[in-house]
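See below for the structure under consideration.
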Amino acid sequence: MLFNTKRPGLLRSGVVLQHGNATPYTAKRTKEWLERYRWDIIPHLAHSPDLAPSDFHLFGTLKRHLGGKKFEDEDELNGEVRDWFSTHEAKFFTQGIYSLLRRWQKCITLHRDYIEK
């Protein structure tokens, strides 16, 4: 669960960082860093169709932008991604974050039942 009755103000109190926590993708260094700096870890069901970070609008729009393009090397791809990021105002990212938070809240309200997009 994203938050519980002990921490109802979690989403209103500051920055929330979500990281992929599926076992094959969680690096030991990342776990150690999060523990050392005492970051709160918000449990996230790996591969949950409701809350998949890849559904976050940033990745969908970037994927559509890159779709069908061919890159000669990694530097060219990185440049295209940097250019894409630079063309979006902060409002674009803020709206996406709030959209994800609304989906999380909806999932919590529905007791983790499946949510259509």
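Just so you know, all these numbers are worked out from the coordinates, no wet-lab data involved. What you see is a predicted model; the values in this text were computed from it and never measured. Backbone-built Cβ (ideal geometry, glycine too); neighbour counts: all protein chains shown.
With Cβ to Cβ distances under 12 Å as the rule, what net charge do the other residues near residue 29 carry (K, R +1; D, E -1)? That works out to +1.
Shown is the FRET efficiency for residue 106 and residue 57, computed with R0 = 22 Å from the Cβ-Cβ distance and rounded to the nearest 0.05: 0.90.
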